[in-house]
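Here the structure is laid out as structure tokens; the discussion comes afterwards.
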Amino acid sequence: MLGGTFDPVTNAHTDLIKKLASRFGNVIVVPCKVSPFKTSTAAGATERLNMLELALEGIPNVQISTFELERAGTDYTYITVRHFAELYDDLYFCMGSEMVIELERWKNLDDMMKHCKLYVVPRPHFALTEDLKAKLDALSVYEIADFTGEEGSSSEVRVSVAMDRPRMFLSESVADYVTAHGFYRDYCYVNELYKRFNMKQKRIDHSFSTALCGISLAKRACVDPHKATTALLLHDIGKYTTKEQAEAMGVKFCPRIDGMPLPIRHAEIGAEILRQLIGITDNEIIEAVRWHTTGRPCMTALEKVVYLADYIEPLRDFPTVDVIRKACEKSIDDGLLAALENSVKYVDKDEIYPITLQAYEYYKEKK
């Protein structure tokens, strides 16, 4: 059994279901109305069901169940597992490794485990650490899949749709359906902002790559995906706007901007563009943009995600980047310390901003 909102069904879902179908006699795909951990879906139940049928057409041993779509009340997994346990003697519940982090939040988990075994699929960026394995050991009945799932989440779909690349994470038939219905266009507004603030294509590509990288980091850091995506897509919005140009648009700056080296001023400019011109009121997003080039002591989880994603996104190519990426796989804080240490060691002393040194000393001491 595999559940989810499937909002939309991605290539990662389809690949997973194909692999499950080759290993199990029957795969039951159960789209829910609304997950208890989400407040809403973008596409309605009928549209999500239609997309599932398009994506899974022709895959053997697979059935789509409308059990949760048709039942009243909240879609708690333990209720669904109970239902299918009455129909099948040997029931496995499939989950990605990223979900193990949240197992303690699941309602009536003990009851659920009386009726199924867990089938855990490792996912990129969500290694099954000793701590996570200990959680699974406490449940006693589980199996780890002999394959790794692909990347591709609903947040990544929304970013790819904004960049006019829906087929990056969706099959051709699902991408056509999404385009025809105008779904998942949450971040398409950034394209007008890129034009307004003269973003070059190379910088847009970097922002796209940073957003995809940061979404994975945000999941691991339990950061709100919408806040993270907004900050990631707009973190360089001030890159090609000078202080004087911004002031001519009506932006007012704190005097500290005059003491900032030119290579990092765009973060301060971008933060104030977001606040004063674009009208973003969420201070967490604004501050994540403000500190994405320098870091600072006591960074919020969102600030860490944006700082690191900008540092290690796949288009970055410098001698130590893979070392920092590996540190991020261990933990967000390990990655942060590695990135700050790299900046302190390799950035010209005349250009290193004092707060970066302070951040490095702060996180080194915490380690």
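The values are calculated or read from the model by the stated rules, or taken from the named source; none is laboratory data. Because the structure is predicted, anything quoted here is derived from the model rather than measured. Ideal geometry is used to build each Cβ from the backbone, glycine not excepted, and the neighbour counts take in all protein chains shown. Remember, those area values only see protein heavy atoms, side chains included, never the ligands or the DNA or RNA. Shrake-Rupley method; radii C 1.70, N 1.55, O 1.52, S 1.80 Å.
At a glance:
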read-out	value
Filtered residues of the range 169-191 (kept if in contact (Cβ under 8 Å) with a residue 12 or more places away in the chain and farther than 17 Å from His226 by Cβ)	Phe169, Leu170, Ser171, Ser173, Val174, Tyr177, Val178, Thr179, His181, Asn191
Residue list for the range 289-306, filter: aliphatic (A, V, I, L, M) and touching a residue at least 60 places away in the same chain (Cβ under 8 Å)	Met299, Ala301, Leu302, Val305, Val306
Some residue of the range 31-49 being basic (Lys, Arg) and closer than 21 Å to Phe147 by Cβ	no
Within the range 344-359, tally of residues that are touching a residue at least 24 places away in the same chain (Cβ under 8 Å) and open to solvent by less than 90 Å² (accessible area, probe 1.4 Å)	4
Extreme residue, most open to solvent (accessible area, probe 1.4 Å), among residues of the range 135-157 that are in a helix (DSSP H, G or I), over 21 Å from Tyr184 (Cβ atoms) and modelled with pLDDT of 85 or more	Asp137
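Yes or no, residue by residue, for (1) under 22 Å from the mean Cα position of the chain (by Cα); (2) in a loop (DSSP other than H, G, I, E, B); (3) crowded, with 20+ Cβ neighbours inside 10 Å:
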{"site": "His13", "(1), (2), (3)": "yes, no, yes"}
{"site": "Asn50", "(1), (2), (3)": "no, no, no"}
{"site": "Tyr78", "(1), (2), (3)": "no, no, no"}
{"site": "Tyr88", "(1), (2), (3)": "no, yes, no"}
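Residues are listed down the side, and each one gets a yes or a no for (1) in contact (Cβ under 8 Å) with a residue 60 or more places away in the chain; (2) hydrophobic (A, V, I, L, M, F, W, C); (3) assigned to a loop (DSSP other than H, G, I, E, B):
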| site | (1), (2), (3) |
| --- | --- |
| Glu247 | no, no, no |
| Gly250 | no, no, yes |
| Glu284 | no, no, no |
| Leu308 | yes, yes, no |
| Leu315 | yes, yes, yes |
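Quick grid of which residues meet (1) part of a helix (DSSP H, G or I); (2) at pLDDT below 95; (3) within 19 Å of Ala359 (Cα to Cα):
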site: Ile237; (1), (2), (3): no, no, no
site: Glu268; (1), (2), (3): yes, no, yes
site: Gln276; (1), (2), (3): yes, no, no
site: Gly295; (1), (2), (3): no, no, yes
